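Scroll down for the structure; my scribbles are underneath it.
The values are calculated or read from the model by the stated rules, or taken from the named source; none is laboratory data. On a predicted model such as this, the values are computed, not experimentally measured, just so you know. Cβ coordinates were reconstructed from backbone atoms using ideal geometry, including for glycine residues, and neighbour counts include every protein chain displayed.
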C-alpha cells in the first residue's frame, strides 16, 4: 500500500518562501497545484499570488496578460 505524504508542516512555511518556490514552477504545474486542494486554490488565486503567475508566464515567454483577465484566468486559457 502507498503511504500518503504528510503535509501537516506546509501551513508553517512562511508565505514568502511558498511564493518563491511557486514562482519557479511551470505555469501548467501552478494550475495543477491550484486544483489539488481548497487551500492551494485560495492561496494561488488570491491577489497576493499575482507575482507567482507573472513570473511563471514570463519564464514561459507568454504575452502580457490582457487587462480584462487576471493572470490565473489568462494562464488557464493558454495552458
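Applying the condition of being surrounded by 16 or more Cβ atoms within 10 Å (Cβ to Cβ) and under 16 Å from residue 75 (Cα atoms) to the stretch 9-28 and asking which residue is modelled with the lowest pLDDT yields 23.
Residues are listed down the side, and each one gets a yes or a no for (1) under 23 Å from residue 16 (Cα atoms); (2) at pLDDT below 95; (3) not in a loop (DSSP other than H, G, I, E, B):
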position	(1), (2), (3)
30	yes, no, yes
53	yes, no, yes
62	no, yes, no
77	no, yes, yes
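Among residues that are within 20 Å of residue 10 (Cα to Cα), touching a helix residue (DSSP H, G or I) at 6+ places or on another chain (Cβ under 8 Å), surrounded by fewer than 13 Cβ atoms within 10 Å (Cβ to Cβ) and without any contact (Cβ under 8 Å) to a residue 24 or more places away in the chain, residue 41 is not included.
Annotation: residue 68 fulfils all but one of (1) surrounded by 14 or more Cβ atoms within 10 Å (Cβ to Cβ); (2) modelled with pLDDT of 95 or more; the unmet one is (1). Residue 3 meets the conditions (1) in a loop (DSSP other than H, G, I, E, B); (2) modelled with pLDDT of 95 or more in every case but one. The failed one is (2).
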